[in-house]
Ligand code: SF4
Ligand SMILES: [Zn+2]
């Protein structure tokens, strides 16, 4: 067994039980306003699809909870998608994001036979975003870009550029490979969206925000249209082990604010804070809702907003 396969097995063995996921039912959907680099604000529909698990085993990842055992059955994704689109029929939505908690260009996750039907279901959207590991960006990406009516955007995880932390993520990604994928997408008229971690394991906690901002800047230099800052969550087994060893400290809401504030002014790239699980981030419960609302405003507006003052936690 290769070192990498042994590491995958070790990480997987620490996982808590996986919930049962129905391949016929999407996990849900979300409509939100999103800013684009040219300043336009789009309505975007994110569809959380249920399908096969990602073959990578990144230390921090808990997306496998939302995946099924084995390959995605042919036709299941189109049935999921059709049902979600029916719920939003008639709404003015410019972008669709197909998030399958895996790699869109992995045929185990998205059967090749379904691509045409998925593309035609997306025909009314000007922008289509899918997610993929950098290593599965290639010929299938171009094929899907040609099939859809709108413009394709591929969301990839850069995670961190801290050299030690990056080497320990078990992501099988290096910066040269990331740069190649960014260039490939750019040269083919495909937009790049990037996920960057806040609180990546092995990044010293006092340098956490700084390394997040550096990763965002790196993604912007590589031409990212959008960068989303994602706080790392404990609970996947491996992250909890790292926390017990002192190699992971859960990021706080205040750090997320600081990171986003530090990225205001990065030209040509929209930087947002991922607020999906913001209520679980360590922080003051009295001012949490106001802080999350502030981050939401900053996500859409791209401007620094007045800080939240709070008598409970002393924030001023
Ligand atoms: S590539 Fe993405 S989905 Fe796959 S294990 Fe890593 S973070 Fe999770
Ligand atoms: Zn407070």
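Descriptive notes on the structure:
- Projected label points at residue 207 and residue 112, each 7 Å from Cα along the beta carbon direction, are separated by 4.5 nanometres.
- Spin-label model, residue 285/residue 243: points 7 Å from Cα along the beta carbon direction are separated by 1.8 nm.
- Rounded if a/c under 1.5, otherwise prolate or oblate - region 108-241, Cα gyration tensor axes: prolate
- Measuring nothing but how far apart in sequence close Cα pairs (under 8 Å, 6+ apart) lie, relative to its length, the chain scores a relative contact order of 15 percent.
- The alpha carbon gyration tensor of region 239-309 gives principal lengths a ≥ b ≥ c with a/c of 1.5 or higher and a/b no greater than b/c, which makes the shape oblate.
- Exposure proxy order (Cβ contacts within 10 Å, fewest to most) of 284, 54: 284, 54
- Placing dummy labels 7 Å off each Cα toward the beta-carbon, the span from residue 74 to residue 25 is 2.6 nm.
- Residue exposure sequence - 42, 221 - by fewest surrounding Cβ within 10 Å: 221, 42
- Counting DSSP beta bridges with both ends in the chain, the antiparallel % (nearest 5): 20 percent
- Once the Cα-Cα distance is subtracted from the 0.36 nm per residue extended length, the residue 146 to residue 267 segment shows a gain of 40.7 nm.
- Volume per residue of the C-alpha convex hull in the chain, rounded to whole Å³: 138 Å³
- Protection proxy ranking, peptides 7-20, 248-261, 164-177, average beta carbon neighbours within 10 Å, highest first: 248-261, 164-177, 7-20
- Gain upon complete extension [residue 10, residue 82; 0.36 nm per residue less C-alpha separation]: 22.1 nm
- Tensor-based shape of region 277-316 (alpha-carbon gyration tensor, a/c under 1.5 rounded, otherwise prolate or oblate): oblate
- Put in line by how crowded their Cβ is, counting other Cβ atoms within 10 Å and starting with the fewest, 96, 148 read 148, 96.
Only the coordinates and a few stated rules stand behind these numbers; no lab work does. A quick note: this is a predicted structure, and the numbers were derived from the prediction, not measured. Here the Cβ is made from the backbone with ideal geometry for all residues, glycine too, and neighbour counts use every protein chain on show.
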